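Written below as structure tokens is the structure these notes are about.
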Amino acid sequence: MSSEGLSASEVDALPDRIAETFAGMTVFITGGTGFMGKVLVEKLLRKCPDVEKIILLIRQKKGKTPKQRLEELLSDALFEKVRNLRGGVEPLLAKMALVSGDVGERDLALSEQDRQMVTDETDLMVHAAATIRFDEELKKAVSLNVRGTKLILELARQCKKLKLFFHVSTAYCHLHEKLLEERPYPPPADPHKIIEAIEWMDDETIATITPKLLSKLPNSYAFTKALGEALAVEAMKDIPLIILRPSIVIPIWQEPIPGWTDNINGPTGLLIGAGKGVIRTMYCKGNSYADYLPVDVFINGIMICAWNYLHYGDKKSNVINFTSSAEIKVTWLEMIEAGREIVMNRVPLNGVVWYPGGSMKHSRLYHNICAFFFHWLPAVLVDILLFCLGYKPVLMRVHRRISKGFDVFEYYTNNQWDFKSDIAQTVRQRLNTRERRDYKVDAIGLDILKYFEDCIRAARIYILKEYDDTLPAAKRHMTVMWVVDIVFRCLFWGLILYWLSGAATTLFMSPGPRDVTATIME
């Protein structure tokens, strides 16, 4: 029985008004091959069988044509469930159309024929393409996140049937606001002038003025996403548009694959690094928390907001924060402790360098000292050993990447923001029992420890390519590393005590002033 007293069959008999909203629609998506985009495409194909068409803007990448990239996308493990449901890849391809283009190029690099198809057929647009690298050089970040947004909005203005445009922003683009409300904020600069500037300035000049442009913002990502959002606010007077602000988007919670991700950004990378025994110290306020949002929850939110806007005509709710901290808060310390328990006792990783350990440091000096002894010094020693054995040194390179990531990460782990999410809370109250089950956007039933375990297990398979048949060997290796860690600790502290006792003996046995005088007199 469900929470409302309905049987499973009665719940299934309820209408799915979200799927009905997308029936007969053509949906145009930018960023469809990215992390969020993949989950959106999969959900539309699986839950909305009557969607007319999904058009993806795809660029050529690493020698692969847009068509090859689309075929690879639909062959991914993420799409296995919908492939089985629809009878293979071909029925999925029949629902898809692609246009070759690039958000980072002038005029989007679209052919006239493709542009015509988009403007003639599109009912709903989702603009999710962006560079999410925090340390991206400013010119590229502006090209993708600001100029790209401007060009997509211009394309949307030309669409003859457009019912709704979604601009995917971020809850972390107005960092001067410790409480982010669901409303527009002034941008840190004029986006049009910034676009003009990066188009005629050379790279060296842009690099020189970047610190002044960013001002108090910590990176190019926050700066350019705020500018992109300002362009979307401008466009509201011309087209039906909703700005979506998700917080830190993390692996899938429920379906189709619990814990699935295609990258090691954010918490996933942190858990893997700690689980491998590579990350042993982090400068962070352990009792603070970040706002995380499983990617499937956000995608469900997009689809629900489309239904709400088109069904209820709620045109005032045009800036929506998708955040989770109003319902659940997980501190950095809780996350690390949960991850440590999982990788040590449930899902160990292969090739663990050292037994997982370490801690968060409130003092930067203490963190730097620990980083020297537990990150850099072991990395040098291991790489020297690898070189002597004829292997390629790797650990110094790994720690350079970790250190670079920490430089960006520390700003967010040592600051705290809160978010209002009243609109999302209101909209989900309009859902029936079936829709609340199939388009999950609340935290009911969330088991944090189970979720982190799913994340590590999925990362193990889909990122690290470490399959379940290697778990017994990984557990044995973890036991060996535990013994090595204990032996090393005993030797280390034994040597320290031996050195201290020797120093103390020398100090107390050395002659005092009177002994020296007596020796001279004799």
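The values are calculated or read from the model by the stated rules, or taken from the named source; none is laboratory data. Quantities reported herein were computed from a predicted structural model and do not represent experimental measurements. All Cβ positions, even for glycine, are placed from backbone atoms using ideal geometry, and neighbour counts span all protein chains on display. Surface areas here come from the heavy atoms of the whole protein model, side chains and all, with no ligands, DNA or RNA. Shrake-Rupley method; radii C 1.70, N 1.55, O 1.52, S 1.80 Å.
Give the stretch 308-327 a look and list any residue that's touching a residue at least 12 places away in the same chain (Cβ under 8 Å) and open to solvent by 50 Å² or more (accessible area, probe 1.4 Å), or say none.
L310, H311, Y312, K315, A326, E327
Would you confirm, using the coordinates I've provided, whether I272 is β-branched (V, I, T), surrounded by 21 or more Cβ atoms within 10 Å (Cβ to Cβ) and more than 16 Å from the chain's Cα centre (by Cα)?
The answer is no for I272.
Could you go through the stretch 389-396 and let me know if any residue there is part of a helix (DSSP H, G or I), touching a residue at least 24 places away in the same chain (Cβ under 8 Å) and farther than 29 Å from A473 by Cα.
The initial filter retains those residues of the stretch 389-396 that are part of a helix (DSSP H, G or I), namely 395-396.
Remaining after also requiring touching a residue at least 24 places away in the same chain (Cβ under 8 Å): 395.
Then keep just the ones that are farther than 29 Å from A473 by Cα; that gives none.
Within the stretch 389-396 (the criterion being part of a helix (DSSP H, G or I), touching a residue at least 24 places away in the same chain (Cβ under 8 Å) and farther than 29 Å from A473 by Cα), the answer is no, since none of the residues qualifies.
Tell me yes or no: at least one residue of the stretch 344-351 is of a type in the set (D, E, K, R), surrounded by fewer than 19 Cβ atoms within 10 Å (Cβ to Cβ) and either in contact with an Asp or Glu (Cβ under 7 Å, 6 or more places away or on another chain) or closer than 17 Å to G275 by Cβ (or both).
yes
For the stretch 408-448, which positions are within 22 Å of E10 (Cα to Cα) and part of a loop (DSSP other than H, G, I, E, B)?
Q429, R430, L431, N432, Y439, K440, V441, D442, I444, G445
Restricting to the stretch 113-147, name every residue that is touching a helix residue (DSSP H, G or I) at 6+ places or on another chain (Cβ under 9 Å), assigned to a helix (DSSP H, G or I) and touching a residue at least 60 places away in the same chain (Cβ under 8 Å).
V118, L138, K139, A141, V142, L144, N145, V146
Quick one: in the stretch 179-205, which of the residues that are over 18 Å from G228 (Cβ atoms) and either part of a loop (DSSP other than H, G, I, E, B) or in contact (Cβ under 8 Å) with a residue 60 or more places away in the chain (or both) is least open to solvent (accessible area, probe 1.4 Å)?
Going through the qualifying residues, I end up with M201.
Which residue is modelled with the highest pLDDT, if the candidates are limited to the stretch 255-274 and must be within 10 Å of I456 (Cα to Cα) and among the hydrophobic types (A, V, I, L, M, F, W, C)?
It comes out as W260.
Cβ-Cβ below 6 Å, separation at least six or inter-chain, first residue in the stretch 438-459 and of a type in the set (V, I, T), second crowded, with 20+ Cβ neighbours inside 10 Å: which pairs?
Once the first residue is of a type in the set (V, I, T) and sits in the stretch 438-459, its partners that are crowded, with 20+ Cβ neighbours inside 10 Å give V441/V297; V441/N300; V441/G301; I456/L271; I456/I342; I456/V347.
When you check N287 against the structure, is it part of a helix (DSSP H, G or I), open to solvent by 30 Å² or more (accessible area, probe 1.4 Å) and more than 30 Å from V233 (Cβ to Cβ), yes or no? So that I can check it myself, show each step before the final result.
Working: part of a helix (DSSP H, G or I): no; open to solvent by 30 Å² or more (accessible area, probe 1.4 Å): yes; more than 30 Å from V233 (Cβ to Cβ): yes.
Here the answer is no, as N287 does not meet what is asked.
Might you check whether a residue that is in contact (Cβ under 8 Å) with a residue 60 or more places away in the chain and surrounded by 11 or more Cβ atoms within 10 Å (Cβ to Cβ) occurs anywhere in the stretch 487-499?
Looking through the stretch 487-499, none of the residues is in contact (Cβ under 8 Å) with a residue 60 or more places away in the chain and surrounded by 11 or more Cβ atoms within 10 Å (Cβ to Cβ).
Against the conditions (1) under 30 Å from V427 (Cβ atoms); (2) of a type outside the set (V, I, T); (3) open to solvent by 30 Å² or more (accessible area, probe 1.4 Å); (4) touching a helix residue (DSSP H, G or I) at 6+ places or on another chain (Cβ under 6 Å), where does P218 fall short? Just the number, please.
Unmet for P218, out of (1) under 30 Å from V427 (Cβ atoms); (2) of a type outside the set (V, I, T); (3) open to solvent by 30 Å² or more (accessible area, probe 1.4 Å); (4) touching a helix residue (DSSP H, G or I) at 6+ places or on another chain (Cβ under 6 Å): (1).
How do the helices (runs of 4 or more DSSP H) wholly within the stretch 6-85 filter down when requiring 2 or more residues that are open to solvent by less than 30 Å² (accessible area, probe 1.4 Å): which remain?
Of the helices (runs of 4 or more DSSP H) lying wholly inside the stretch 6-85, those with at least 2 residues that are open to solvent by less than 30 Å² (accessible area, probe 1.4 Å) span 17-22, 35-47, 66-74.
Could you figure out which of (1) open to solvent by 50 Å² or more (accessible area, probe 1.4 Å); (2) more than 18 Å from A274 (Cβ to Cβ) isn't true of K404?
(2)
In this structure, is V168 at pLDDT 90 or above, over 23 Å from F409 (Cβ atoms) and of a type in the set (A, V, I, L, M)?
Answer is no for this residue.
Taking the stated definitions as given, is I243 in a strand (DSSP E or B), in contact with a helix residue (DSSP H, G or I) (Cβ under 8 Å, 6 or more places away or on another chain) and buried (at least 17 other Cβ atoms within 10 Å of the Cβ)?
So I243 passes the test.
Report the residue count in the stretch 369-386 for those that are free of Cβ contacts under 8 Å to residues at least 24 places away in the same chain and either open to solvent by 100 Å² or more (accessible area, probe 1.4 Å) or not acidic (D, E) (or both).
Qualifying residue count for the region: 11.
A232: of a type in the set (G, A, S), under 19 Å from the mean Cα position of the chain (by Cα), buried (at least 23 other Cβ atoms within 10 Å of the Cβ) and over 18 Å from R46 (Cβ atoms), yes or no? First the steps, then the outcome.
Numbers: of a type in the set (G, A, S): yes; under 19 Å from the mean Cα position of the chain (by Cα): no; buried (at least 23 other Cβ atoms within 10 Å of the Cβ): yes; over 18 Å from R46 (Cβ atoms): yes.
In short, no.
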